[in-house]
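J.: Right, I'll just put the structure down here and ask away after.
Bear in mind these aren't lab numbers, they're just calculated from the coordinates by the rules spelled out. Predicted model only: the values in this text are computed from it and were never measured. Please note: Cβ atoms are built from the backbone with ideal geometry, for glycine as well, and neighbour counts cover all protein chains shown.
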Amino acid sequence: MTGETFATAAHRQLITKKLCSVRSVADTLNTSAESLYDRFYGRIAFTVEEARKLLNSVSTPDLADNLLEYSPFFAALRPEADEKIFDLQSGAAEMVYKAAEVLRVVQVALRDGEIDHIERREIAVSLVGVEKLLASHKETAKYNDHDP
């Protein structure tokens, strides 16, 4: 997202990619479509609260990932206290599967004795997926810790 404003990224991620309609985003922010376009085109800045509402309203982490792309952070799904996304056993099995998939990608990449830039990117993307999954499971474990 280098040099890109939050408004531009939000418009591209939500509207251009057709993840949401302008009307649904405007409704989320309790504003009109015209006012939303004022924000998308930089005439009015998004407030922090509006940015949070946008992040909470979309079903994909793409916008959060874009915001955090060049930072030391990554976006991971945080489960709600009253809903368990997955139980710990199946979650642990999924993490092992994903980590094994990363190892498989590395093993395939090393067949020729080196990892090229395309393989490095594939490995990095796979690792980010494992990290996000681990962070989500960590949150789930916190909630499960309170169960009888």
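J.: Within the range 1-45, list the trypsin sites (Lys or Arg not before Pro) lying in a DSSP loop whose Cβ has at most 14 other Cβ atoms in a 10 Å radius.
T.: Numbers: sites: 12, 17, 18, 23, 39, 43; in loops: 17, 18, 43.
Passing sites in the range 1-45 are 17, 18, 43.
J.: May I pose another question? Cα gyration tensor of the range 88-144, axes a ≥ b ≥ c as square roots of the eigenvalues: rounded (a/c below 1.5), prolate (a/b > b/c) or oblate?
T.: Numbers: a/c = 5.72, a/b = 2.51, b/c = 2.28.
It is prolate, given that a/c is not under 1.5 and a/b is the larger ratio.
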